[in-house]
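Everything on this sheet refers to the single structure shown next.
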Amino acid sequence: MESIRIIDTQDSPVLVVQPGQARLEDVERHLIMATLRRTRYNRTKTAKLLGIGIRTLQRKLKQYSEERGLAATQPQSDIPNLSEGMRPVIAAVI
């Protein structure tokens, strides 16, 4: 089982993390990237859903891109849209 994964529910997506198996920065990155994909790479909507500023999101995406040498905004069409009222939820498996 992966240390970080997303479970889709009717109410909102849930980020499941096994305690002690993932660093906080990895959880944050996973949550940001999953939310970006779900909003079809709408950065404004992503920042709003995560409760962070757009500049904070842009800074983190730039950091991720530099760390991995990857483009942080390549669309993936297999991820469904995140509905307006849905917010990501984080859960820890104990």
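Below is a table of values for the structure above.
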{"quantity": "Options Thr46, Thr56: the member that is on the phi < 0 side of the Ramachandran plot, in contact with a helix residue (DSSP H, G or I) (Cβ under 6 Å, 6 or more places away or on another chain) and either at pLDDT 85 or above or in a helix (DSSP H, G or I) (or both)", "calculated": "Thr46"}
{"quantity": "Count of region 51-67 residues which are under 20 Å from Val27 (Cβ atoms) and either touching a Pro at 6+ places or on another chain (Cβ under 7 Å) or among the basic types (Lys, Arg) (or both)", "calculated": "3"}
{"quantity": "Condition check for Arg37: at pLDDT 60 or above and either within 18 Å of Ile6 (Cα to Cα) or not in a helix (DSSP H, G or I) (or both)", "calculated": "yes"}
{"quantity": "Filtered residue count, region 18-38, keeping only those that are of a type in the set (Val, Ile, Thr), more than 15 Å from Ser65 (Cβ to Cβ) and crowded, with 19+ Cβ neighbours inside 10 Å", "calculated": "1"}
{"quantity": "Any pair with Cβ under 7 angstrom, 6 or more apart, that starts in region 29-46 at a residue that is aromatic (Phe, Trp, Tyr) and ends at one that is not in a helix (DSSP H, G or I)", "calculated": "Tyr41/Thr73; Tyr41/Pro75"}
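The values are calculated or read from the model by the stated rules, or taken from the named source; none is laboratory data. Quick caveat: nothing in here was measured; it's all calculated off a predicted structure. Cβ: placed from backbone, ideal geometry, glycine included. Neighbour counts: every protein chain shown.
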